[in-house]
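Chemist: Here's a structure for you.
Derivation of every value follows stated rules applied to the coordinates shown; laboratory data play no part. Only a predicted model underlies this, so the values are computations on that prediction, with no experimental measurement involved. Neighbour counts run over all protein chains shown; Cβ positions are idealised from the backbone, glycine included.
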Amino acid sequence: MKKRNILTTIIVFFLFMTGWVLWQNKALGITEYKIYCGSHPELEGFTIVQISDLHNESFGENQQTLLNKVAECKPDIIAITGDFIDCRNPNVDIAMKFILGAVDIAPVYYVPGNHECWEKEAYTELCRRMENAGVHLIANASEKIFYGTGSIQCMGLEDPDFYDAIGEENENQMVGYHIQQLNALETDFTLLLSHRPELFDIYVEEKVDLVLTGHAHGGQFRLPWAGGLVAPEQGLFPKYDAGLFTEADTQMIVSRGIGNSIIPLRINNPPEIVVVQLTAK
C-alpha cells in the first residue's frame with residue numbers, strides 16, 4: 001500500500017509538471033520597461049512593442065491571441081527582432097497571419113535573425129509579402145520616425161550569420177561598420193533593432209541609445225537566482241539572457257522571445273511581449 005501511494009504521488013506530480021510546462025509555453029506575458037530619454041523630452045510617452053523569436057509559433061486562430069495582447073499595449077511602433085520563421089518549419093503563412101493583423105495596429109519594423117539566414121528561400125518570400133503589407137524592412141538600413149516635435153533614428157541590422165563566410169572577427173567589424181553608416185544623425189535619439197545581444201560591447205562602442213534584441217530565448221530554462229541556463233553563441237549561464245542591460249549611455253533590452261526552436265520547450269520561462277516606453281522624467 002505504501003509503495004502504491006508513493007507511485008501514485010510520483011505519477012500525479014509528473015502529470016502536474018507536464019501540464020504546467022505545456023501551459024506555460026503558451027502563457028503570453030507582457031514585460032514593461034521605462035527607458036530614460038532625458039535629452040529628448042519631446043519623445044516622452046513614445047511606446048514600442050517588441051516581438052522576437054516567433055519561430056512560426058501560433059497563438060490563437062490567425063494569431064489573434066497574440067495580436068490582442070499587442071493591441072492592448074497601444075504601441076506607436078511594433079519592432080520585430082528576428083527569427084520570425086524557423087528553419088525546421090519555414091511556414092511563411094503563419095508569420096504573415098501576425099503581420100497582416102499587426103500593420104492595422106501600428107507601423108511594423110523588421111530585421112531578420114539567423115533562422116531567416118538559414119532558410120533564404122522562405123526569407124525572400126517573407127520579405128516580399130511583408131513589403132506588400134507595408135512593413136518597414138530595415139536590415140542594414142535606417143528610417144527616421146517622427147513623434148510630435150521629435151524624431152527617432154530607427155536602425156536595423158542583418159544577422160551576422162549573413163556574413164558567415166568572412167569569419168567572426170570580420171563579422172563583428174561589419175556590424176560596427178553598418179551601425180556607423182546608419183547612425184549619421186547623431187542629434188537624434190537612436191533605436192537599433194538587432195537579433196544578437198552578445199554584441200552589446202559593439203553597440204556601446206557605437207553609442208547607440210537603445211537596442212532591442214532577442215536570440216537568447218531567455219536562456220531556455222530559467223533557474224531561480226541563476227537566470228538562464230543556455231543560449232546560442234553564449235553557452236551555459238549566458239550573461240545576456242533576458243532583461244535590461246546598461247553601460248555608459250547605451251541601454252539594451254533582451255527579449256525572452258515567444259517561440260521555441262531546436263529545444264522545443266521552455267521551463268520557468270514563459271513567452272514574452274516586451275513593451276518599452278520612453279520617458280524624460
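Chemist: Using a Cα distance threshold of under 17 Å, what count of lysine pairs results for the chain when pairs must be 8 or more residues apart or interchain?
Modeler: Numbers: K26/K69; K34/K74; K34/K281; K69/K97.
Summing the qualifying lysine pairs gives 4.
Chemist: How high is the FRET efficiency from N132 to K281, r the C-beta distance, R0 45 Å, rounded to 0.05? Spell out each step's value before the answer.
Modeler: Working: r = 40 Å, r/R0 = 0.89.
Efficiency, rounded to the nearest 0.05: 0.65.
Chemist: Going by C-beta contacts inside 10 Å, put S52, S261, S255 in order with the fewest on the left. Don't skip to the answer; put the middle values down first.
Modeler: Details: S52 32, S261 20, S255 27.
With the fewest neighbours first, S52, S261, S255 line up as S261, S255, S52.
Chemist: Using 0.36 nm times the number of residues separating V230 and R88, minus their current alpha carbon distance, what extension gain do you get? It would help to have the intermediate numbers written out before the result.
Modeler: Details: separation 142, 0.36 × 142 = 51.12 nm, distance 2.01 nm.
This chain segment gains 49.1 nm when fully extended.
Chemist: Could I ask something else about it? Where does the charge balance sit around Y147 when Lys and Arg score +1, Asp and Glu -1, over other residues with C-beta under 9 Å from its C-beta? Walk me through the intermediate numbers first.
Modeler: Numbers: positive: none; negative: E42, D76.
That works out to -2.
Chemist: Further, regarding this structure: Starting from the Cα of F237, step 7 Å toward the Cβ, then list every residue of the stretch 204-227 with an amide N under 16 Å from that point.
Modeler: 219-227, by backbone N distance to the label point.
Chemist: Run the numbers for Q173 and L28: contour at 0.36 nm per residue of separation, minus the present Cα-Cα distance, in nm. Working shown, then result.
Modeler: Details: separation 145, 0.36 × 145 = 52.20 nm, distance 3.63 nm.
Stretched fully, the Q173-L28 segment lengthens by 48.6 nm.
Chemist: Now for a separate question. Looking at the stretch 152-281, send over the antiparallel percent of its DSSP beta bridges, to the nearest 5. Kindly include the intermediate steps, with their values, before the conclusion.
Modeler: Details: 9 of 22 bridges.
In the stretch 152-281, DSSP labels about 40 percent of beta bridges as antiparallel.
Chemist: Treating the beta-carbon of each Lys and Arg as +1 and of each Asp and Glu as -1, no other charges, what is the dipole magnitude of the stretch 221-270 about its Cα centre, to the nearest 20 debye?
Modeler: 280 debye
Chemist: Simple spin-label model, 7 Å along Cα-to-Cβ: E44 to I262 in nm?
Modeler: In this crude label model, E44 to I262 measures out at 4.7 nm.
Chemist: Still on this structure: How far is helix 2-24 tilted, in degrees, relative to the longest principal axis of the Cα atoms in the chain, given as a value from 0 to 90 rounded to the nearest 10?
Modeler: 20 degrees
Chemist: In deg cm²/dmol and to the nearest 500, what is the mean residue ellipticity at 222 nm of the chain if only DSSP H runs of at least 4 residues count, each as -39500 (n - 2.57), divided by the residue total?
Modeler: Details: 7 runs with 83 residues, N = 281.
The helix-only estimate for the chain comes to -9000 deg cm²/dmol at 222 nm.
Chemist: Given Cβ point charges of +1 (Lys, Arg) and -1 (Asp, Glu) and nothing else, what value in debye, to the nearest 20, does the dipole of the stretch 33-135 about its Cα centre take?
Modeler: Numbers: 8 positive and 16 negative charges, 17 e Å.
Dipole magnitude for the stretch 33-135 comes out near 80 debye.
Chemist: Still on this structure, please answer the following. Would the stretch 81-143 count as rounded, prolate or oblate if I go by the C-alpha gyration tensor, calling it rounded below 1.5 in a/c and otherwise prolate when a/b exceeds b/c, oblate otherwise?
Modeler: Details: a/c = 1.95, a/b = 1.28, b/c = 1.52.
Since a/c reaches 1.5 but b/c is at least a/b, the shape of the stretch 81-143 is classed as oblate.
Chemist: Here's another thing I want to ask about it. Report the net charge of residues surrounding S58, where surrounding means a beta-carbon distance below 13 angstrom and charges are Lys +1, Arg +1, Asp -1, Glu -1.
Modeler: Numbers: positive: K26, K97; negative: E57, E61, D86, D93.
Net charge around S58: -2.
Chemist: With +1 on each Lys and Arg Cβ and -1 on each Asp and Glu Cβ, how big is the dipole of the chain about its Cα centre, in debye rounded to the nearest 20? Please report the intermediate quantities before stating the final value.
Modeler: Working: 20 positive and 37 negative charges, 358 e Å.
With only Lys, Arg, Asp and Glu charged at Cβ, the dipole is about 1720 debye.
Chemist: Give me R266, R128 sorted ascending by neighbouring Cβ count inside 10 Å, so fewest comes first. Kindly include the intermediate steps, with their values, before the conclusion.
Modeler: On the way: R266 24, R128 12.
With the fewest neighbours first, R266, R128 line up as R128, R266.
Chemist: For the stretch 2-279, what does the equivalent ellipsoid look like in terms of its semi-axes, each the square root of 5 times an eigenvalue of the Cα gyration tensor, given largest first in whole Å? Could the numbers behind the result be given before it?
Modeler: Working: eigenvalues 206, 84, 79 Å².
Computed over the stretch 2-279, the values are 32, 21, 20 Å.
Chemist: Among L43, C154, P264, flag the residue with its Cα farthest along the positive direction of the charge dipole of the chain, charges on Cβ as +1 for Lys/Arg and -1 for Asp/Glu.
Modeler: The residue sitting most towards the positive pole is P264.
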